[in-house]
Amino acid sequence: MTAHTLIRDSLLDAAAVVLPVRCAGCGRPDRSLCDACLEAVRPSASVHRARGVPVCSALQYEGIARRVLLAYKDGGRVDVARALGRALRAAIAEAQRHAPAGAGEQHALLPVLIPSTRAAWRRRGYHPTRSVLARAHILVPPLWRALRLSRQTADQAGLSAGERSGNREGSMVASRRLAGRECLIVDDIVTSGATVAEAARAISAAGGRVVGAATIASTPRRSSAGAEAMLR
């Protein structure tokens, strides 16, 4: 054990006396994220396509990573946002690296956040992906409300791929401030790709150029061993 680790663990032990917590991944007492779960959300970026849009994701949405994301989004565990921010930063860096020739060479890509529904905002009181992005410490800040919902949509969880498409289709409008900009769609999780596809449609309609997307995680069925070759 290094001196740095010893000091860190001592501080965590002291904090746990005042504010007892359990690991968001495994439930171990006295740690926001224990060492094993912190390792499980260490980014390992993968690339794939969702409805024709290149997507870079830092984690697989399963196991510990899934539990941590659910605890953050629906369990009020904002204390894990820093760890998720490191994952999102890795996905954004990978997206920049895989940008098509000519895109992102002079300037970093502009992050464009998927908007929350009113119901999700009322339930959480904050925009989960925006909070994580703030902790990713990227050079280019997003344009707030560059994308907005033209109609409220249902929660995508539990919907089939076809239902997800119908739920999202025509639901977003992009700001004209995106015209001529090279945009990177940013979201927490990609599943069917319906949300990414709708965001790409809205951005293109406003005159922006969608270079790709970056997400904290992707569901396993959206990834493949040879996905990186698909982007070449």
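Quick note: the coordinates plus some simple rules give every number you see, no bench work behind them. Here the structure is a predicted model, which is why all the values come from computation and not from measurement. Every residue, glycine among them, receives a Cβ derived from its backbone with ideal geometry; neighbour counts consider all protein chains shown.
Odds and ends about this structure:
- Between the beta carbons of ARG135 and ALA205, assuming R0 = 30 Å, the FRET efficiency works out to 0.45 to the nearest 0.05.
- Most to least packed among 68-80, 183-195, 27-39, 49-61 [average Cβ atoms within 10 Å]: 183-195, 49-61, 68-80, 27-39
- The amide H of VAL55, built 1.01 Å from its N in the peptide plane, has HIS48, ARG49, ALA50, ALA213 as neighbours under 5 Å, considering only residues 5 or more places off or on other chains.
- Extended-chain gain in nm, criterion 0.36 nm per residue less alpha-carbon gap, ARG42 and ALA179: 45.8 nm
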